[in-house]
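*Asks:* Dropping the structure in here first, questions after.
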Amino acid sequence: MAMHALDTLAERVSGPVVRPGDSGYEDARHVYNAMIDAHPAAVVRCASTADVVATVRYAAETGSALAVRGGGHSVPGFGTADDAIVADLSGMQSVDVDDAARTATAGGGTTWHRFNDVTAAHGLATTGGIISTTGIGGLTLGGGIGYLSRGYGLSCDNLLAAEVVTADGSVVTASESEHEDLFWALRGGGGNFGAVTRFTYRLHPVTTVYGGPMFFELSDGAAVLKHFRDFIQTAPREYGGFPAFQIAPPLPFVPENRVGEPFVALVSCWTGPAREGERILDGFRAIARPVAEHIGEMPYAALNSAFDGLVPPGLQHYWKAAFVRELTDDAIATHMEHGPKVPTVNSTVHLYPINGAVHDIAPDATAFGHRDATFAPVIAGMWPDPADNERNTAWVRDYYAAIAPHSQPGGYVNFASADDQTRVSDNYGANYSRLQEVKRRYDPGNLFHLNQNIQP
Ligand SMILES: Cc1cc2nc3c(=O)[nH]c(=O)nc-3n(C[C@H](O)[C@H](O)[C@H](O)COP(=O)(O)OP(=O)(O)OC[C@H]3O[C@@H](n4cnc5c(N)ncnc54)[C@H](O)[C@@H]3O)c2cc1C
């Protein structure tokens, strides 16, 4: 690409345009997944909606590939690409809370860490993910599963409005009363429809929560998983948590001689009175004695960042995801075969329950696929050394193949890998054809294609 063209872009935006050879380029070209080694033509550190408009228009005019980056956590590395123009929104992290309306409006590159810290000062929160370094952007647009989703719905269910820069460079607001079709598609359809510069969310009174992790012997694993499956069907909505396969990290509450061993873990978040939460966890303790646990009261924002240290930036990532209508005994047996082979302390398998408030919303009311599921398992392979790539991706693939007969054909788009593009229509199930219609209306040329792509 001619240098003078990028000079024009640099003149049109207020944030810096980082190009190959610039001192910040090495940092700017990378995303969270270190397996991605792309060299974009330029990374525009957008500072405003106007910068995003200029970047989108520039990419459209020059026929360049456009990558939109929020928190940069996409496992396939959709926030960067060879020769692409990257609209990096990570500098757009303003969060404004309206106490009376119980809403928050946040910039398109905000991370949950920043969002939670600001809303916590108002005694409020909304559903975010489990790791606070993740962006609200990608997470919300793909759906958003977290500690509060049983109580308050997915992140996208709490979205009230979005300011969107569309493929023709227009700025539109999508909500229940404006651009309703776009608003429908944004709630689960990922980054396919435009760059969202502002998200407005409904907030809920959530301050101190009760919970934390418990580790159970693998020999008790099947019993714990079965108890969770049965308990969660009718559990109070104040309970948000999930079972996991996890290697015990070297933390003070883990007996030293058990550090580094795999366990079935239970990670809990209870938003009701602590004593009631304690009774619920006693139900698990009655099934099996935990080897280690770290349970107590803490601010919601603290639980939301409690595991950030296990997944620092710079790891290699390969993930697979499924949706499950019924977690059968056979499926649990399959998890018990593959889960204990979790290869590193960074890797994990989470079995997220999909019920409670997520099921209050009709499956076709938003684009999020598979509200009829009851679990969303994710096999998240994460490890530091590229020399282990083959071995660890094989663990994820074998595990995924083994649970496939017990799962729906599609998985959760936000947990999918680059080689899952063939599954996009399955991921959306019955909502896919309507998503294609909206895509044709707002992005017929597929400018926004670096995502789990909906074909116009
Ligand atoms: C460690 C880790 C933990 C996770 N935990 C959870 C979890 O608990 N729950 C859950 O639901 N998911 C979770 N995820 C998955 C997460 O939702 C996705 O990776 C999500 O895409 C990340 O969003 P991002 O903005 O950080 O990523 P990015 O890589 O910046 O973006 C991901 C996709 O969204 C698009 N996008 C991002 N921001 C915008 C925007 N403002 N406008 C338009 N498009 C945009 C990008 O173009 C790209 O296609 C986790 C991921 C990781 C790596």
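*Asks:* Name the pairs: first residue in the range 62-78 and closer than 15 Å to Leu9 by Cβ and polar (S, T, N, Q), second residue in a strand (DSSP E or B) and more than 6 Å from the ligand (Cβ to nearest atom), Cβ to Cβ under 8 Å, at least 6 apart or on different chains?
*Replies:* Thr62/Ile85; Ser64/Ile85
*Asks:* Kindly provide the set of residues from the range 93-131 that are surrounded by fewer than 24 Cβ atoms within 10 Å (Cβ to Cβ) and more than 25 Å from Gly151 (Cα to Cα), ordered by number.
*Replies:* Gln93, Ser94
*Asks:* Scan the range 420-456 residue by residue and report those that are within 14 Å of the ligand (Cβ to nearest atom) and over 21 Å from His73 (Cα atoms).
*Replies:* Passing the criteria: Lys439, Tyr442, Asp443, Asn446.
*Asks:* Taking the range 45-54, which residues are under 30 Å from Tyr318 (Cβ atoms) and either part of a loop (DSSP other than H, G, I, E, B) or touching a Leu at 6+ places or on another chain (Cβ under 7 Å) (or both)?
*Replies:* Cys46
*Asks:* Something else now. Enumerate the strands (runs of 3 or more DSSP E) found wholly within the range 156-249, keeping only those where 1 or more residues are surrounded by fewer than 18 Cβ atoms within 10 Å (Cβ to Cβ) and touching a Pro at 6+ places or on another chain (Cβ under 8 Å).
*Replies:* Because the criterion is at least 1 residues that are surrounded by fewer than 18 Cβ atoms within 10 Å (Cβ to Cβ) and touching a Pro at 6+ places or on another chain (Cβ under 8 Å), the strands (runs of 3 or more DSSP E) in the range 156-249 that meet it are 208-216.
*Asks:* Are there any pairs with C-beta distances below 7 angstrom linking a residue in the range 99-125 that is basic (Lys, Arg) to a residue that is within 16 Å of the ligand (Cβ to nearest atom), with the two at least 6 apart or on different chains, and if so which?
*Replies:* Pairs found: Arg114/Gln93; Arg114/Val95.
*Asks:* Let me ask something else about it. Any chance you could count how many residues in the range 75-110 are over 23 Å from Gly63 (Cβ atoms) and not hydrophobic (A, V, I, L, M, F, W, C)?
*Replies:* 14
*Asks:* Among the residues of the range 69-85, are any under 18 Å from the mean Cα position of the chain (by Cα) and under 17 Å from Leu303 (Cβ atoms)?
*Replies:* no
Here's the yes/no breakdown for (1) surrounded by fewer than 22 Cβ atoms within 10 Å (Cβ to Cβ); (2) over 30 Å from Asn389 (Cβ atoms):
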position	(1), (2)
Ala10	yes, yes
Gly24	yes, no
Ala34	yes, no
Ala38	yes, no
Val44	no, yes
Ser48	yes, yes
Thr55	no, yes
Gly63	yes, yes
Asp83	yes, no
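For every residue, the table says whether it meets (1) of a type outside the set (Ser, Thr, Tyr); (2) part of a loop (DSSP other than H, G, I, E, B).
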{"site": "His4", "(1), (2)": "yes, no"}
{"site": "Thr8", "(1), (2)": "no, no"}
{"site": "Gly15", "(1), (2)": "yes, yes"}
{"site": "Gly21", "(1), (2)": "yes, yes"}
{"site": "Glu26", "(1), (2)": "yes, no"}
{"site": "Asn33", "(1), (2)": "yes, yes"}
{"site": "Val56", "(1), (2)": "yes, no"}
{"site": "Pro76", "(1), (2)": "yes, yes"}
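Condition check ((1) without any contact (Cβ under 8 Å) to a residue 24 or more places away in the chain; (2) more than 26 Å from Val52 (Cα to Cα); (3) surrounded by fewer than 22 Cβ atoms within 10 Å (Cβ to Cβ); (4) in contact with a Cys (Cβ under 9 Å, 6 or more places away or on another chain)) across all residues:
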residue: Asp385; (1), (2), (3), (4): no, yes, yes, no
residue: Tyr399; (1), (2), (3), (4): no, yes, no, no
residue: Ala404; (1), (2), (3), (4): no, yes, yes, no
residue: Asn414; (1), (2), (3), (4): no, no, no, no
residue: Gly429; (1), (2), (3), (4): no, yes, yes, no
residue: Gln436; (1), (2), (3), (4): yes, no, yes, no
residue: Arg440; (1), (2), (3), (4): yes, no, yes, no
residue: His449; (1), (2), (3), (4): no, no, yes, no
residue: Gln452; (1), (2), (3), (4): no, no, no, no
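*Asks:* Considering (1) within 23 Å of Leu310 (Cα to Cα); (2) more than 12 Å from the ligand (Cβ to nearest atom), say which one Arg102 fails and leave the rest.
*Replies:* Going through (1) within 23 Å of Leu310 (Cα to Cα); (2) more than 12 Å from the ligand (Cβ to nearest atom) one by one, Arg102 breaks only (1).
*Asks:* Got at least one residue in the range 106-116 being of a type in the set (D, E, K, R) and more than 14 Å from the ligand (Cβ to nearest atom)?
*Replies:* The answer is no, given that none of the residues of the range 106-116 is of a type in the set (D, E, K, R) and more than 14 Å from the ligand (Cβ to nearest atom).
*Asks:* Within the range 135-184, can you find the residues that are under 15 Å from Gly108 (Cβ atoms), away from the ligand (no atom under 12 Å from the Cβ) and small (Gly, Ala, Ser)?
*Replies:* Ala161, the sole residue that qualifies.
Each reported figure results from applying straightforward, stated rules to the coordinates on display, with no laboratory input. None of the values given here were measured: they were computed from a predicted structure. Quick reminder, even Gly has a Cβ in these numbers, built from the backbone with ideal geometry, and neighbours come from all protein chains shown.
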